[in-house]
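Down below is the structure, laid out as structure tokens.
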Amino acid sequence: KGEGSSQDDSGAKSADGDGTGDAKKLGNLAFRRKDFKQAVAFFSQALLVEADPHTVALLYSNRSAALAHLSSFKQALQDAERCMEYRPGWSKGRHRQ
């Protein structure tokens with residue numbers, strides 16, 4: 001992983017099988033291409049349907065990083081805080097704050 005990477009190394013997949021994983025993967029690809037606006041859109045799409053707390057935290061963390069790259073710092077901080085609500089004590093989420 002490079003600096004600012006937003007990919008999930010755990011191999012976690014959506015528990016509901018409704019396409020959340022696809023939106024998450026597309027968000028990660030957009031992030032790697034530095035298309036942060038598109039990454040935010042895909043992560044937002046995934047958040048609409050994801051129920052697994054671990055994955056929700058990851059999506060908020062990823063969207064927070066993309067928002068920070070777009071200089072949307074207030075929104076990035078809000079997502080970092082939401083991430084910590086779903087996964088307290090996670091160092092990656094804490095780093096986003």
Surrounding net charge for Leu47, when Lys and Arg each add one and Asp and Glu each subtract one, Cβ distance under 10 Å: +1
List Leu67, Leu26, ordered by accessible area with a 1.4 Å probe, largest first: Leu26, Leu67
Rounded to the nearest 10 Å², the accessible area of Val49 at probe 1.4 Å: 70
Ordering of 79-90, 35-46 by burial proxy (mean other Cβ atoms within 10 Å per residue, highest first): 35-46, 79-90
Hz values of 3J(HN,Hα) by residue in region 37-43 - Karplus curve (6.51, -1.76, 1.60), Gly and Pro given as x: 5, 5, 4, 4, 4, 5, 5
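The values are calculated or read from the model by the stated rules, or taken from the named source; none is laboratory data. The structure displayed is predicted, hence computed values, not measured ones. Note: ideal-geometry Cβ built from the backbone for every residue, glycine included; neighbour counts use all protein chains shown. For the accessible areas, the whole protein counts, side chains as well, though only heavy atoms, and no ligand, DNA or RNA atoms are used. Shrake-Rupley method; radii C 1.70, N 1.55, O 1.52, S 1.80 Å.
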